[in-house]
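To start, the structure under review is shown below, and the notes come after it.
The values are calculated or read from the model by the stated rules, or taken from the named source; none is laboratory data. Keep in mind it's a predicted model, so treat the numbers as computed, not measured. Note that we place each Cβ from the backbone using ideal geometry, even for glycine, and neighbour counts take in every protein chain shown. Surface areas here come from the heavy atoms of the whole protein model, side chains and all, with no ligands, DNA or RNA. Shrake-Rupley method; radii C 1.70, N 1.55, O 1.52, S 1.80 Å.
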Amino acid sequence: MPGGRSRARLLGGDLELFEAIRRRRTTNGPFLPEPVSVEHQRMLVEFAGMAPSHFNSQPWRFVLVDDKDIIEEVARISGESMRRLMEEGTFWRRYRPYFRFSEEEMEERRDGIHIDQLPRVLKPFRRQIFSNTGQSVMNRFGVPKMLAEDNRKLVAGSPLLLAVLLDRTEYRPGELSGFYSVFGMGAAVENVWISTTALGMGIQFVSTPMEIPEKWQEIKTLLAVPDDLELMAVYRLGYLPEEKRRPTIDWSSHQRKRLSQYVFRNTCAAPEADAPKMPPR
Ligand SMILES: Cc1cc2nc3c(=O)[nH]c(=O)nc-3n(C[C@H](O)[C@H](O)[C@H](O)COP(=O)(O)O)c2cc1C
């Protein structure tokens, strides 16, 4: 589309934007210990606030947490939640449909998580980790405790946490406004996520406390969340080290579906072709 391309050139910097979108990732390894500069912290929340929202309601709120004591407390709660979810088997039961066990399965589906990085003791039980036997083997080898400690350390070693909240006058689950505010929040978070890439930073959900209501309440109390706000998510952020080590269990997969698996042309009856047709010369 020549018109589109020349306009993009006029805007300048477009290639960096496309590159940041393509390179955006979830970081599940450690960050550098150095603090995130206040300038960068402000940029992240400024870009978040640039997102679209229904009637420009801007229903999102953010808490930037760089206080070491609070970060360590969130880390403790996160680690504890991880241990419980793993020991009780909740995690595996809840997320079974997203795991893939071979390159071939991953290549065919092109979604979910390819579980190819496991603690050595578990490798022989790779396919059984979702069964009762797998669960007891994991508990016997102390896997929940090990993963909980990994998780605690990762969070505690993060120089910055970002809590995302919604204004409860907008966030009314079950109503259109509830959907719209979550939609807007997603756009705001994506702005943060892409910006971290451009700033040499990484970001990851601190999600385990969210899965256990009393643990989530502990985080709300710690962050002094008032009644008119709903705590929606907590992220850990920091600058990325040059060298990346894969964590004990690598929950990330960067595979993406082919266009024909998620895009249609004109109606849902016609999947988009994978290779774009070149215009006739
Ligand atoms: C709503 C939502 C929840 C997610 N929860 C977690 C999570 O709990 N822990 C985590 O490490 N990543 C989480 N992720 C990140 C996804 O695992 C990740 O985006 C996906 O595997 C693709 O990897 P990528 O972000 O590196 O491209 C979440 C992402 C979204 C949008």
- [ ] Go ahead and run the numbers for FRET between Ser136 and Phe205, Cβ-Cβ distance against an R0 of 41 Å, rounding to 0.05.
- [x] 0.90
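Add +1 for every Lys or Arg and -1 for every Asp or Glu among the other residues with Cβ under 14 Å from the Cβ of Val74, and state the total. List each step's numbers first, then the result.
Details: positive: Lys68, Arg76, Arg152, Lys153, Lys215, Lys220, Arg236; negative: Asp66, Asp67, Asp69, Glu72, Glu73, Glu80, Glu218.
Net charge around Val74: 0.
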- [ ] Percent of Cα-Cα pairs per 5 Å bin, from 0 to the last occupied bin, for the chain, please list those.
- [x] 1, 5, 10, 13, 15, 16, 15, 12, 8, 4, 2, 1, 0, 0
Task: Potential extension, Asn266-Ser102 segment - 0.36 nm per residue separation minus Cα distance - done: 55.6 nm
Task: Separation of the Arg258 and Asp167 label points, Cα + 7 Å toward Cβ, nm - done: 4.6
Task: For the range 206-225 versus the range 54-112, the gap between their alpha-carbon centres in whole angstrom - done: 13
- [ ] Give me the distance in nm between label points sitting 7 Å out from Cα along the Cα-to-Cβ direction at Lys244 and Ala273, one decimal.
- [x] 3.4
- [ ] Please list Lys244, Lys215 in order of solvent-accessible area, largest first, computed with a 1.4 Å probe with all protein chains present.
- [x] Lys244, Lys215
Task: Residue-level accessible surface for Phe183, protein heavy atoms, 1.4 Å, Å² - done: 140
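Rounded to a whole number of µm²/s, how large is the Stokes-Einstein D of the range 193-281 at 10 °C and 1.306 mPa s, given Rh as the Kirkwood radius over C-alpha pairs? Write out the running numbers ahead of the final one.
On the way: Rh = 17.9 Å.
In µm²/s, the coefficient rounds to 89.
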- [ ] Treating cross-link reach as a plain straight distance, find the lysines whose alpha-carbon is under 24 Å from the alpha-carbon of Lys257, omitting any fewer than eight places away in the same chain.
- [x] Lys277
- [ ] Report the convex hull volume per residue for the range 25-142, counting only C-alpha atoms, in Å³.
- [x] 187
Task: Percent RCO, i.e. relative contact order, over the range 23-262, from Cα pairs under 8 Å lying at least 6 residues apart - done: 39
- [ ] Taking all protein chains together and a probe of 1.4 Å, list Arg100, Arg61, Arg120 from the most accessible to the least accessible.
- [x] Arg120, Arg61, Arg100
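Could you work out what % of the accessible surface of the chain is carbon and sulfur, using a 1.4 angstrom probe and leaving DNA, RNA and ligands out of the count?
Details: 9270 of 16890 Å².
Accessible surface attributable to carbon and sulfur in the chain totals 55 percent.
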Task: Whole-number accessible area per residue in Å² for the chain, which is evaluated in the context of all protein chains at 1.4 Å - done: 60
